[in-house]
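Visitor: Provided herewith is a single structure, encoded as structure tokens, for subsequent inquiry.
What follows draws every value from the coordinates through simple rules; no lab data is involved. Remember, predicted model here, so these are calculated numbers, not experimental data. Reconstructed Cβ throughout: ideal geometry from the backbone, glycine too, with neighbour counts over all protein chains shown.
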There are 4 protein chains.
Amino acid sequence: MKAYGKIDWAFAAGRIPFRTTGKEPEMNSHDKIAILNTSGEDALVELLIFYEDQSPIGTYEVAVEAKRLRKIRFNDLIDPEAIRLERNYSCFIKTSVPVVIQFSRMNTGQNANAEMGGMAFPADL
Amino acid sequence: MKAYGKIDWAFAAGRIPFRTTGKEPEMNSHDKIAILNTSGEDALVELLIFYEDQSPIGTYEVAVEAKRLRKIRFNDLIDPEAIRLERNYSCFIKTSVPVVIQFSRMNTGQNANAEMGGMAFPADL
Amino acid sequence: MKAYGKIDWAFAAGRIPFRTTGKEPEMNSHDKIAILNTSGEDALVELLIFYEDQSPIGTYEVAVEAKRLRKIRFNDLIDPEAIRLERNYSCFIKTSVPVVIQFSRMNTGQNANAEMGGMAFPADL
Amino acid sequence: MKAYGKIDWAFAAGRIPFRTTGKEPEMNSHDKIAILNTSGEDALVELLIFYEDQSPIGTYEVAVEAKRLRKIRFNDLIDPEAIRLERNYSCFIKTSVPVVIQFSRMNTGQNANAEMGGMAFPADL
């Protein structure tokens with residue numbers, strides 16, 4: 001199967017919620033992206049994190065195997081450094097083969113679950 | 001009326017919620033897509049489901065009649081095999097005529113309804 | 001100012017929630033679109049509603065003045081006929097000048113507010 | 001790093017919620033956009049606000065530094081004039097260098113948090 005999607009992606013409104021009230025693990029507050037690699041080749045994914053008040057941090061490197069999906073929780077990105085909770089960030093993503101990327105957030109900080117999500121922006125459209 | 005939309009679509013962040021507290025059927029947890037076929041020709045829709053830890057499963061075949069909408073709950077896809085609850089998946093969709101596809105999720109797992117949705121990605125843009 | 005946007009739009013996952021518990025009018029369950037006309041010319045908007053089990057109904061005609069926004073609640077579309085609650089529908093929209101269209105839903109049917117929304121799909125992309 | 005994104009953006013379904021029950025500041029009702037400027041050059045951002053029943057107001061001017069993210073709460077735009085709560089508005093955005101823009105809303109008006117968000121529309125696509 002051929003590679004579908006794009007190699008440059010971005011989303012702007014990142015923020016990992018601090019408060020969480022949901023049952024672990026499926027109702028826990030988080031920010032994440034899902035990366036679909038339809039191609040027959042492994043994808044090397046490089047993430048660069050932008051902030052309001054300092055230079056961008058990165059790159060964070062992640063692999064997505066051929067013909068696989070990979071979900072990345074931003075809470076789990078710790079090298080070169082962790083993203084602090086309740087801090088605004090944006091994410092730019094470059095991949096070695098075209099992929100499809102969707103972001104989502106679950107916020108259970110107020111005794112009820114709120115979910116938000118959509119496709120990331122194919123930045124080099 | 002002509003066919004509007006695209007023939008290749010994808011979304012990456014699929015996951016069928018396990019917990020549900022809402023009144024059946026309209027407040028029941030689910031993942032779904034809505035497919036709009038504006039054309040005068042029936043659309044043959046082929047879905048391929050990608051996972052994190054095994055080869056893609058499919059194709060699942062669905063028809064959408066000419067000048068009709070069809071909603072597909074992923075809970076209902078059982079041939080060649082059902083999608084397990086609370087398991088991450090991505091979906092690639094190819095259709096015989098251009099269509100418009102939107103995904104959505106209702107999650108009533110925490111005594112309150114959360115909804116998320118947006119257009120799927122036109123994968124061959 | 002020039003006209004920004006597109007003249008053909010669609011969204012697929014329409015459904016007007018039946019149950020509502022929110023304080024009127026701002027927390028009332030509804031499906032709607034917002035149409036932005038940046039141009040110096042009034043826009044004639046024609047909506048066609050698609051269903052799962054019958055031929056499309058329309059057109060519904062709405063005007064959006066030059067340099068204005070207009071929100072349309074689907075509950076309010078009654079000519080040629082009303083859209084029944086809790087019935088799946090899709091919407092195709094054609095306008096006389098380019099516009100930008102966003103859909104959204106508020107569902108207060110389970111004692112908590114759920115909101116969903118995103119840009120409609122520029123159908124002739 | 002090069003500039004990613006577009007210079008013309010719009011979203012149509014703006015509305016700042018009046019009611020808020022969440023803990024300040026992270027669970028407070030608001031409408032906002034996040035602007036990512038990946039380029040090495042500061043971005044001058046001009047916002048124009050459209051209404052249902054009067055001429056557009058603006059421009060509101062905001063700067064986004066090179067290689068930075070900036071979040072703008074519409075509650076905070078007061079020059080040339082504030083946006084009233086619970087009033088429908090649309091927003092057109094023009095920037096001096098390409099950027100990526102995402103809108104989002106948090107509505108805690110009914111004792112539970114609801115979030116909505118997605119990419120703004122690249123208006124000159």
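Visitor: At R0 = 41 Å, how high is the FRET efficiency between residue C:85 and residue A:2 if r is their beta carbon distance? Nearest 0.05 is fine. Could you put the intermediate results ahead of the total?
Guide: Values: r = 43 Å, r/R0 = 1.04.
After rounding to 0.05, the efficiency reads 0.45.
Visitor: May I ask you to evaluate 6.51 cos²θ - 1.76 cosθ + 1.60, the Karplus curve with θ = phi - 60°, for each residue of the range B:39-47 and list the ³J(HN,Hα) values in order in whole Hz, giving x for glycine and proline?
Guide: Result, rounded to whole Hz: 6, x, 10, 4, 9, 8, 10, 10, 10.
Visitor: Could you run the Karplus curve 6.51 cos²θ - 1.76 cosθ + 1.60 with θ = phi - 60° over the range D:48-54 and give me ³J(HN,Hα) per residue in whole Hz, x for Gly and Pro?
Guide: Those phi angles translate into 10, 9, 9, 10, 7, 10, 7 Hz.
Visitor: I've got another one for you. For the residue pair residue A:73 and residue B:41, what label-to-label distance in nm results when each label sits 7 Å from Cα along the Cα-to-beta-carbon direction?
Guide: Distance between the two pseudo-spin positions: 4.6 nm.
Visitor: Could you give the distance between the Cα centres of the range A:32-95 and the range D:74-94, to the whole Å?
Guide: First find each Cα centre; the distance between them is then 33 Å.
Visitor: For the range B:1-91, would you read off the P(r) tail past 21 Å as a percentage of all alpha carbon pairs?
Guide: On the way: 1540 of 4095 pairs.
Tail of the P(r) past 21 Å holds 38 percent of the pairs.
Visitor: Charges at C-beta only: +1 for Lys and Arg, -1 for Asp and Glu. How large is the resulting dipole of the range D:1-91 about its Cα centre, in Debye rounded to 20? Before the final figure, lay out the partial values.
Guide: Working: 13 positive and 15 negative charges, 90 e Å.
The calculated dipole for the range D:1-91 is roughly 440 debye.
Visitor: Work from the charge dipole of the range B:1-91 (Cβ charges, +1 for Lys and Arg, -1 for Asp and Glu, about the Cα centre) and give the residue of B:89, B:40, B:55 farthest towards its positive end.
Guide: Result: B:40.
Visitor: I'd like the mean, over residues of D:69-80, of how many other protein chain beta carbons sit within 10 Å of each residue's own Cβ. Could the numbers behind the result be given before it?
Guide: Working: counts 13, 5, 6, 0, 0, 0, 0, 0, 0, 0, 0, 0.
Mean shielding count: 2.
Visitor: Over the range A:1-91, what is the relative contact order in whole percent, taking alpha-carbon pairs under 8 Å and six or more residues apart? Numbers along the way, then the final one.
Guide: Values: 162 pairs, mean separation 33.3, N = 91.
Over the range A:1-91, the number comes to 37 percent.
Visitor: Considering every residue in A:92-104, what mean count of other chain Cβ atoms within 10 Å of its Cβ is obtained?
Guide: Numbers: counts 6, 0, 1, 0, 0, 0, 2, 3, 13, 3, 10, 6, 6.
So the per-residue partner count for this stretch is 4.
Visitor: List every residue whose amide H lies under 5 Å from the amide H of residue D:120, counting only residues 5 or more places away in sequence or on a different chain, with H placed 1.01 Å from N in the peptide plane.
Guide: It is D:101, D:102, D:103, by chain and number.
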